[in-house]
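Notes for the one structure printed next.
Throughout, read-outs are computed from the coordinates displayed, never taken from laboratory work. Just so it is clear, the model here is predicted, and its values are computed rather than measured. Cβ placement follows ideal geometry from the backbone for every residue including glycine, while neighbour counts extend to all protein chains displayed.
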Amino acid sequence: MNVLRSSLTLNDRPVVTSSSSSKSSAVVVRCHSAADHNPTTNGRRPSYGDPVVVVVLRRLLLRAAPSSGQTTTTTTPALPSRQDVQRIALSAAPYLLFLLLYGINPYIRLLPVAADIGRADLRNVSAWEEYLFPWQLHVVVSSVHFLPLDFVAAVPYLGHYVIPVLYPAFLYLLDRLELILQFYRLLGLTMWGHYVIWLVAPTLPPWALDFLAAHQATNASIMAETILAAHKEGPAFARIDSFIGSPFFHGMFVGNPVPFGSFPSGHVAWPMCILVTLPGHLRSRFSVYVVWVAWATLYTGHHYVLDIIGALALVGGLARLMGHVAQAQQTRCSILPL
């Protein structure tokens, strides 16, 4: 029996495959971290049994330590090299292009804006939920509400916009450049998947559809565009704005350039991109945050359950596709093949 060994990073786990021939042979793929060949580790694997805070603090201390004039093989550069910056920028380019088109959508109107409400099938996801479930779960979750829960739901929404910056910075402190590249590639593909779906099937968020139905039931002459323009934040965030005496969340959401982008949930997709590119020993802890975000989207009425399922399926499918492509090309890939 011949045993072949090759190097492929798949979250530090060995993958064994078999093939039949005239003599049965096994192919063992030895998976390892990109840090195995990092000269700063001197060929030794870092101990991921250490707490994450300890690892990060150790990296920061190494970067801040003054030079003693002695040469050592464990010195770490204070800043990424030009080549690393170029690789990160190239991997993030699709995501940045998505953000550009997303931000200027009110001017180019490739995706429907509030004035194009006639182009949107307002009940596409809502109708499917009514067909699949005996009750709408976002209504059940949001029916039990009080102010402290409103603030708990607001936390992941406030953190949503800094995830694409803080997470890669965290990975850089762990010397996991390959994971940074994989994260940005997956995030870019995911958001372009969102863009295509929004173009084909624009969807109104549940709070807006419920609000629209309630107001038009009392005054059918009110234009839908007028209602949506006046109310952008949803009931949970409206309660917070009322409590603090400032239209903070209303101002955050009133400028949303893509009002018909409920399905799939981008708020769930972004942390899912983190989950599948995290080092394996951190995934179970971060999954709690993903559940928190999913609950918050239901509680605030910003998404349906099908929006969450759609985001999980999209990220999982793209992660699997990227993993298979990387294996076929015999390249280094750190994404979990779901």
Review point. Along the charge dipole of region 76-218, which of Val144, Ala169, Leu158 sits closest to the positive end, that is, farthest toward it, with unit charges on the beta carbon of Lys, Arg, Asp and Glu (+1, +1, -1, -1)?
Key: Ala169
Check your understanding: Of the peptides 242-253, 273-284, how do they stack up when ordered by the mean number of other Cβ atoms within 10 Å, highest first?
Key -> 273-284, 242-253
Revision key, fill the gap. Note: Asp116 to Ala313 extended length (0.36 nm per residue) minus current alpha-carbon separation gives 68.1 nm
Revision key, fill the gap. Plugging the Cβ-Cβ distance of Val140 and Ala89 into 1/(1 + (r/R0)^6) at R0 = 30 Å yields, to the nearest 0.05, a FRET efficiency of 0.10
Study note, to complete from the structure: One would report the Cα pair-distance distribution of region 138-209, bin width 10 Å, in %, as 15, 28, 32, 22, 3
Revision key, fill the gap. In terms of the alpha carbon gyration tensor, root eigenvalues a ≥ b ≥ c, rounded if a/c is under 1.5 and otherwise prolate when a/b exceeds b/c or oblate, region 90-155 is oblate
Practice item. Taking 7 Å along the Cα-to-C-beta vector as the label spot, tell me the Phe151-Leu166 distance in nanometres, rounded to one decimal. Key: 1.8 nm
Revision key, fill the gap. Between Ser284 and Leu158, Cβ-based FRET efficiency (R0 22 Å, step 0.05) works out to 0.35
Study note, to complete from the structure: Residue separation between Trp128 and Leu100 times 0.36 nm, minus their alpha-carbon distance, gives in nm 6.9 nm
Exercise for review: Mind checking the full-extension length gain between Ala201 and Ser242? Use 0.36 nm per residue of separation minus the Cα-Cα distance, one decimal, nm.
Suggested key: 11.4 nm
